[in-house]
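Worksheet for the structure shown next.
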Amino acid sequence: MKKNQWMMGIIILLFLLLIMSLANNVIEMGERFYTVHPLLSKGFYVAIGIFVIWVVAVPIGWMLKAPVYDYSVLLDGQKEHIEPGELKKFKQSLVKDESDIEKLEGKEGDELKEALVSLIAERERYADEAIVQSSLLTFLTTSISPNGLIDVAAVIYYNVKMIGSMIRLFGIRPSLINILKIFRNVFLTAFVVNQLEELEINEYMEEMLESFGDVAAGKLLSKTMDSLIQGTLSAFVTLKIGYAAKAVLLDPRKTRAKGFRRYIRKRSRQTLAREVLPRSIAAVPRGFGKAIEVMLRRMTREATKEPK
């Protein structure tokens, strides 16, 4: 009990720190816009207000539109006979269009159960792709953006949108407690990303890389490495949040099973290495990639030169 209270206290403290840091960033950004034009500053504050309202309204929309239950009865295989009323409930949640109606039309009992399991497996593939896409977009945005406020907004936006897309796919929503846990993880991720921006890792990387003898390359590569660290961390945690949210929707009991967190971390690492990063490399302009490659070769050559 005391451990839970301590954890709750730490989470609340981190959340307050995030809010204070974001408020400071918003005020600073608003003042910069004001120096350009007062209307620009007002427009910025209006946009921030709309974003905050959206973040608050989205979970309320989930609670109003989708019912709270899961598909564990269908997926665990432990219950041989499922009541027709329960199968009908699952069918109503999963049917989205005419193609789904055709797949389930005229089926009852075990045949309907098998068709529903097959439909859930199909939706899982779509959900996995949505998770990868959200992770990729988070990686690219946080890697490219020059401002911590944009990083935080991107992390919150892509994660909330990802979870919303899975709720629409499966036709159900998590319980209120699980929604709060998901948002806790999203805001903790945003806090960490914001703090990485505040640490200004690129200054330390720049000093280290300049020791190779190329100041210009050191400055550019230090900023690149700083962005890659933030982007990779954001993408990895987005994957973790996505896979955990999917498990909560389909079978919440799995989230309490031993080794669940280890499984989520392992799968997130694999997806990051096999799908997210390769896709992100393909999205980078060729010229930029070649420039980085040339500078790396030059730095290596400078490092291996014998002192005169």
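Filtering segment 81-99 to residues that are of a type outside the set (S, T, N, Q), surrounded by 10 or more Cβ atoms within 10 Å (Cβ to Cβ) and outside any loop (DSSP other than H, G, I, E, B) leaves PRO84, GLU86, LEU87, LYS88, LYS89, PHE90, LYS91, LEU94.
Look at segment 215-241: where a residue is of a type in the set (Lys, Arg) and a partner is assigned to a helix (DSSP H, G or I) and at pLDDT 75 or above, sitting 6+ places away or on another chain with Cβ atoms under 6 Å, you get LYS240/ILE264; LYS240/SER268. Identification of helices (runs of 4 or more DSSP H) wholly contained in segment 187-298 with 1 or more residues that are closer than 26 Å to ILE120 by Cβ, of a type in the set (A, V, I, L, M) and at pLDDT 80 or above yields 215-250, 260-271. A search for C-beta distances below 9 Å between a residue of segment 159-186 that is small (Gly, Ala, Ser) and any residue that is modelled with pLDDT of 90 or more and not in a helix (DSSP H, G or I), counting only pairs 6+ apart in sequence or on different chains, returns nothing. The single condition from (1) among the acidic types (Asp, Glu); (2) in contact (Cβ under 8 Å) with a residue 12 or more places away in the chain; (3) farther than 27 Å from VAL55 by Cα that GLU111 fails is (2). Among the residues making up segment 105-125, those that are in contact with a helix residue (DSSP H, G or I) (Cβ under 6 Å, 6 or more places away or on another chain) and part of a helix (DSSP H, G or I) are LEU112, ALA115, LEU116, VAL117, LEU119, ARG123. Among the residues of segment 61-80, those identified as of a type outside the set (D, E, K, R), surrounded by 10 or more Cβ atoms within 10 Å (Cβ to Cβ) and not in a loop (DSSP other than H, G, I, E, B) are GLY61, TRP62, MET63, SER72, VAL73, LEU74, LEU75. Scanning for something at pLDDT below 90, closer than 23 Å to PHE44 by Cα, out of contact with any His (no Cβ under 8 Å at 6 or more places or on another chain) and not in a helix (DSSP H, G or I), does segment 165-182 turn up at least one residue? Within segment 165-182, not a single residue is at pLDDT below 90, closer than 23 Å to PHE44 by Cα, out of contact with any His (no Cβ under 8 Å at 6 or more places or on another chain) and not in a helix (DSSP H, G or I).
Listed conditions (1) under 28 Å from the mean Cα position of the chain (by Cα); (2) not in a loop (DSSP other than H, G, I, E, B) are all met by GLU102, apart from (1).
Do we find that LEU94 is touching a Leu at 6+ places or on another chain (Cβ under 6 Å) and either modelled with pLDDT under 85 or of a type outside the set (A, V, I, L, M, F, W, C) (or both) in this structure? Yes.
The values are calculated or read from the model by the stated rules, or taken from the named source; none is laboratory data. Since this is a predicted model, take the numbers as computed values, not measurements. All Cβ positions, even for glycine, are placed from backbone atoms using ideal geometry, and neighbour counts span all protein chains on display.
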